[in-house]
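Colleague: Below are the structure tokens for one structure; questions will follow.
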Amino acid sequence: MGPPPPDLAESRWFVCHTKPRCEKKFAALLAAEQLPHYLPLVTSVRRYAQQTKKFTKPLFPGYVFAQAPLARKARLYQQDLLARVIPVDDETRFLRQLDDVKAIVASGYELTVLPLLTRGRRVRVTGGPLHGLEGYIDDSSNSQGVVLSVDVLQQGLHVRLPAENLQILP
């Protein structure tokens, strides 16, 4: 029989950034250590010429949410599956957002994770005929995409593009 459940009264929530393709292994480690965690998984369907395959994949690739006592935080690194551990500052807000994610995943709706696009963020176009173009988000509230402004001769060009064709730049 395994060790007793840890004293979670002195625990904190962490966003665990895993090494590539290690999310499920890390979640299994947390389960074996009896540490509360959440790895949101979604079903993905791939169609090939001869067959269709269904599999589950992480909603947020590279991330697992975990609760651990501060005294056992070092244990998270012992399996060499993590890149880093990010402490959660506002746990009340974080847990409310985690409940929202759980409800959305449980709803069965098809989901896509998109970057949060806010006014003034630098982006690069990743698809379509404008591939490679860089600019700034001007209006993130447009339901038909976003408005991208690009400086040309001290003037802006505004183009409506789907958000999924944009990559946020540092």
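Colleague: Of the residues in region 58-76, how many are free of Cβ contacts under 8 Å to residues at least 60 places away in the same chain, out of contact with any Cys (no Cβ under 8 Å at 6 or more places or on another chain) and either among the aliphatic types (A, V, I, L, M) or farther than 16 Å from PRO36 by Cα (or both)?
Modeller: Number satisfying all stated conditions: 6.
Colleague: List, please: which pairs have Cβ atoms under 6 Å, are six or more places apart or on different chains, and start with a residue in region 20-41 that is in contact (Cβ under 8 Å) with a residue 60 or more places away in the chain and not assigned by TED's automatic domain parsing to the domain that holds ALA68 and end with one that is of a type in the set (Ser, Thr, Tyr) and exposed (fewer than 15 other Cβ atoms within 10 Å of the Cβ)?
Modeller: none
Colleague: Do we have PHE55 as touching a residue at least 24 places away in the same chain (Cβ under 8 Å), of a type in the set (A, V, I, L, M, F, W, C) and not in a helix (DSSP H, G or I) here? Please lay out each step first, then the result.
Modeller: Numbers: touching a residue at least 24 places away in the same chain (Cβ under 8 Å): no; of a type in the set (A, V, I, L, M, F, W, C): yes; not in a helix (DSSP H, G or I): yes.
Here the answer is no, as PHE55 does not meet what is asked.
Colleague: Could I ask something else about it? Which members of region 106-129 meet the condition of being over 22 Å from the mean Cα position of the chain (by Cα) and farther than 14 Å from ALA163 by Cβ?
Modeller: Filtering region 106-129 for residues over 22 Å from the mean Cα position of the chain (by Cα) gives 128-129.
Residue satisfying the conditions is PRO129 alone.
Colleague: From the list THR43, THR52, THR56, which one is among the hydroxyl-bearing types (Ser, Thr, Tyr) and more than 20 Å from ALA106 (Cβ to Cβ)?
Modeller: Values: THR43 fails: more than 20 Å from ALA106 (Cβ to Cβ); THR56 fails: more than 20 Å from ALA106 (Cβ to Cβ).
Answer to the check: THR52.
Colleague: Going by the conditions given, is THR112 in contact (Cβ under 8 Å) with a residue 24 or more places away in the chain, exposed (fewer than 11 other Cβ atoms within 10 Å of the Cβ) and not assigned by TED's automatic domain parsing to the domain that holds GLU164? Show your work before the answer.
Modeller: On the way: in contact (Cβ under 8 Å) with a residue 24 or more places away in the chain: yes; exposed (fewer than 11 other Cβ atoms within 10 Å of the Cβ): yes; not assigned by TED's automatic domain parsing to the domain that holds GLU164: yes.
Considered against the rule, which asks whether it is in contact (Cβ under 8 Å) with a residue 24 or more places away in the chain, exposed (fewer than 11 other Cβ atoms within 10 Å of the Cβ) and not assigned by TED's automatic domain parsing to the domain that holds GLU164, THR112 comes out as yes.
The values are calculated or read from the model by the stated rules, or taken from the named source; none is laboratory data. Just so we're clear, the structure is a prediction, and the values are computed from it rather than from any experiment. Neighbour counts run over all protein chains shown; Cβ positions are idealised from the backbone, glycine included.
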